[in-house]
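Notes to accompany the following structure.
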Amino acid sequence: MSDDENAKQICEKVEQSYQIIGRKWVALIIHALMDEPKRFSEIHAYIPDLSKRVLNERMKELEEEGLVVRHVVTERPVRTEYMLSRKGTELGRALSAVERWADKWL
């Protein structure tokens, strides 16, 4: 692979990553899931300005991207939890650098 092809491939991947994290609320949802799995209502409570409709859309998008795993717990009462996949956890760690920057400079 030539240097130009390699650079183009890297640019495409960087652009794709910014498209994912640039969607409104995505970084906060990932932040909310960094510590432990949460139910939909817990994520909504963590980000109260986020509507349930948009949260539902974002959770589906993050699941399709392979960043979030939806897990149905069959105990009574049945509940659904969301957790970060390995891919999502690595993205969360990368975003934590932005959080440190924001804490220092904003």
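Summary of computed values
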{"read-out": "Per-region count, the range 58-80, residues in contact with a strand residue (DSSP E or B) (Cβ under 8 Å, 6 or more places away or on another chain) and under 21 Å from ILE20 (Cβ atoms)", "value": "7"}
{"read-out": "Candidates LEU50, LEU55, LEU84, LEU95, filtered to the one that is of a type outside the set (Asp, Glu) and touching a strand residue (DSSP E or B) at 6+ places or on another chain (Cβ under 9 Å)", "value": "LEU84"}
{"read-out": "Answer residue from the range 11-35, given it is charged (D, E, K, R) and not in a loop (DSSP other than H, G, I, E, B) and is farthest from the chain's Cα centre (by Cα) among those", "value": "GLU12"}
{"read-out": "Residues within the range 62-106 that are free of Cβ contacts under 8 Å to residues at least 40 places away in the same chain, open to solvent by 40 Å² or more (accessible area, probe 1.4 Å) and closer than 23 Å to ALA45 by Cβ, tallied", "value": "10"}
{"read-out": "Segments classed as helices (runs of 4 or more DSSP H), wholly inside the range 36-106, with at least 1 members that are farther than 17 Å from TRP25 by Cβ and under 14 Å from the mean Cα position of the chain (by Cα)", "value": "86-105"}
{"read-out": "Evaluation of TYR18 against (1) open to solvent by 80 Å² or more (accessible area, probe 1.4 Å); (2) modelled with pLDDT of 95 or more; (3) aromatic (Phe, Trp, Tyr) (one fails), failing number", "value": "(2)"}
{"read-out": "Lone unmet requirement of (1) outside any helix (DSSP H, G or I); (2) more than 23 Å from ARG100 (Cβ to Cβ) for LYS8", "value": "(1)"}
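The values are calculated or read from the model by the stated rules, or taken from the named source; none is laboratory data. Just so we're clear, the structure is a prediction, and the values are computed from it rather than from any experiment. All Cβ positions, even for glycine, are placed from backbone atoms using ideal geometry, and neighbour counts span all protein chains on display. For accessibility, only protein heavy atoms count, side chains too; no ligands or nucleic acids. Shrake-Rupley method; radii C 1.70, N 1.55, O 1.52, S 1.80 Å.
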